[in-house]
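All remarks here apply to the structure that follows.
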Amino acid sequence: MTMKPATRRAQNGFTLIEALVSIVVISVALIGIAGMQLVSLKNNAESKYRSLAVQLASDLSERMRSNLDAALIDDANRMANPYNKPITTAADTAYAIDPGCGTLCGAGARAQLDLKQFQDQVKRLLPRGVGVVCIDSGIDLAKVPRFDGTTITPECDNQGSLFAVKIFWLDDRQSANDTLSNTQAYQVFTTRFSPYLF
């Protein structure tokens, strides 16, 4: 009697262990993709806020250029310039005064109205947004403007012939552990310009 050698049957399908391993691999890949999507969405929001800050600063600079009588910098008394108002707290009311003159404003009242409208837009469009306008040469690059949610350190040197617009807002990309009073939780956009140059 001859014995036939045992033949292996061809295996069909997957084993349970193979299926579980493939599910784990796919799950890890999907979690990674979801994480990248979340970071991308947060960066898109930050890009939107920075673009808004650029537009707001540009709008104010154009308003100042159209009101040159108020924007002229008097070397003898820079602090008397109606646009030179370096506020130091978010609650400062220097930009909140509405002169109530509409389109019939004189140069100083028009400057006050420009600052009020600028600050209103910053607060409305940017999360916990606040803006500062001052004369600043920008020579000392080590002095970085800071905001902690309450106190503003605008770092305006009141020198030269350039105005600076500094806009602060809460950065959504910070971790949930960051408090609203942390200076690292806020972004700043700064631009300097001369109202005399177009």
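The values are calculated or read from the model by the stated rules, or taken from the named source; none is laboratory data. Keep in mind that what you see is a predicted model, and the values were worked out from it rather than measured. Please note: Cβ atoms are built from the backbone with ideal geometry, for glycine as well, and neighbour counts cover all protein chains shown.
Taking the conditions exactly as written (loosely packed, with under 15 Cβ neighbours inside 10 Å, within 21 Å of Arg63 (Cβ to Cβ) and modelled with pLDDT under 90), does Gly160 satisfy them or not?
Numbers: loosely packed, with under 15 Cβ neighbours inside 10 Å: no; within 21 Å of Arg63 (Cβ to Cβ): yes; modelled with pLDDT under 90: yes.
When the stated conditions are applied, Gly160 does not pass them.
May I ask you to list the residues in the range 86-115 that are crowded, with 18+ Cβ neighbours inside 10 Å and not hydroxyl-bearing (Ser, Thr, Tyr)? Can you show your working first?
Looking only at the range 86-115, we keep the residues that are crowded, with 18+ Cβ neighbours inside 10 Å, and these are 86-87, 95, 109-115.
Across the range 86-115, the qualifying residues are Pro86, Ile87, Ala109, Arg110, Ala111, Gln112, Leu113, Asp114, Leu115.
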Starting from residues that are touching a residue at least 24 places away in the same chain (Cβ under 8 Å) and among the charged types (D, E, K, R), keep the ones in the range 50-78 and report whichever is farthest from Gly160 (Cα to Cα). Arg50
In the range 94-132, what residues are aromatic (Phe, Trp, Tyr) and without any contact (Cβ under 8 Å) to a residue 40 or more places away in the chain? Tyr95
Quick check on my filter: what residues within the range 31-78 are surrounded by 14 or more Cβ atoms within 10 Å (Cβ to Cβ), assigned to a loop (DSSP other than H, G, I, E, B) and at pLDDT 90 or above? Asn67
Of (1) in contact with a Phe, Trp or Tyr (Cβ under 8 Å, 6 or more places away or on another chain); (2) free of Cβ contacts under 8 Å to residues at least 60 places away in the same chain, Ile135 fails just (2)
Scan the range 79-102 and give yes if some residue there is more than 26 Å from Ile167 (Cβ to Cβ) and either in contact with a Ser or Thr (Cβ under 8 Å, 6 or more places away or on another chain) or among the aliphatic types (A, V, I, L, M) (or both), otherwise no. no
